[in-house]
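Every read-out reported here was derived from the displayed coordinates using simple, explicitly stated rules and does not represent laboratory data. If you're wondering where the values come from, they're calculated on a predicted model, not measured in any experiment. Here Cβ is always computed from backbone atoms with ideal geometry, including for glycine, and neighbour counts include all displayed protein chains.
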Amino acid sequence: MASDNAPIPKQSAKLKIAEHIGDLFDKTGNQHMAGRVFGWLLVSGEPHQSQPELSQALQVSKGAISQATRLLIELGLLKSTRVPGHRCRYYRITPDAWRRLASQYLGRIRTAREIAQNGLAEMRDLRVEDKAGLERMLELTKFLEDQGSAILRQWPESHNTE
């Protein structure tokens, strides 16, 4: 039995990280398998990977990879390319993937702010105590939206290039 302090083989460590990113995607409303594919591409050390390579690395069907890569392309997180002399498509993370993910999360915060604003408008004739929870929700979501947007504006465009 391996000790808790024993080093994890590189492949196992990469798979573990890909699984954690899959869990993160799942918790934030995205597809778990898409997160695993994204995570694997993040740590694979390769500039791009084909569908068969992803399938083998993640030990899942080509169909699961196909569905995940299609979603990641729709979200703007992956780019599909062809390599001269090869018949299959290769996938790589887009340079602005993290900005896109952050923008997606800010969009959810914006939606929460709108819900709070609309709820307060509908409850305008109710007691202050009845609206206190929505007031706190509105305060926090406004703050997070403002600060998050400001932070993204400060992120240098040079970090989004290939």
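For the chain, how many pairs of lysine residues have a Cα-Cα distance under 27 Å, where the two are 8 or more positions apart or belong to different chains?
The number of close lysine pairs in the chain is 14.
Between Ser50 and residues 5 or more places away or on another chain, which pairs have amide H atoms under 5 Å apart, with H built 1.01 Å from N, and which residues are they?
So Ser50 has HN proximity to Tyr91.
For Glu19, what charge total do you get from the other residues with a beta carbon under 12 Å from its beta carbon, if Lys and Arg give +1 and Asp and Glu give -1?
For residues surrounding Glu19, the net value is +1.
Work out the length of the dipole vector of the chain about its Cα centre, built from +1 on the beta-carbon of each Lys and Arg and -1 on the beta-carbon of each Asp and Glu, and round it to the nearest 20 debye.
With Lys and Arg at +1 and Asp and Glu at -1, about 660 debye.
Using only the Cα atoms, work out Rg/Rh for the chain, with Rh taken as the Kirkwood radius, to two decimals.
Ratio of gyration radius to Kirkwood radius for the chain: 1.12.
Report the relative contact order of the range 17-162, percent, no decimals, based on alpha-carbon pairs under 8 angstrom and at least 6 residues apart.
Relative CO of the range 17-162 lands at 16 percent.
Gain in length, Leu120 to Asp146, computed as 0.36 nm per residue apart minus the alpha-carbon separation, to one decimal in nm?
Details: separation 26, 0.36 × 26 = 9.36 nm, distance 1.98 nm.
Result for the pair: 7.4 nm of gain on full extension.
Please list 3J(HN,Hα) in residue order for the range 25-39, calculated via the Karplus relation 6.51 cos²θ - 1.76 cosθ + 1.60 where θ = phi - 60°; whole Hz, with x for glycine and proline.
With the stated coefficients, the range 25-39 comes to 4, 4, 5, 9, x, 9, 6, 4, 5, 4, x, 5, 4, 4, x Hz.
Taking the Cα atoms only, what angle lies between the long axis of helix 128-154 and the longest principal axis of the chain, rounded to 10 degrees?
Once rounded, the angle reads 40 degrees.
Residue by residue, what Karplus-based ³J(HN,Hα) values in Hz, rounded to whole numbers, does the range 103-112 have, using 6.51, -1.76 and 1.60 with θ = phi - 60° and x for Gly and Pro?
5, 4, 5, 5, x, 5, 5, 4, 4, 4
For a quick check, take a GNM of the chain with Cα springs below 10 Å and name the residue from Pro47, Pro95, Pro84 with the largest mean-square fluctuation.
Pro84
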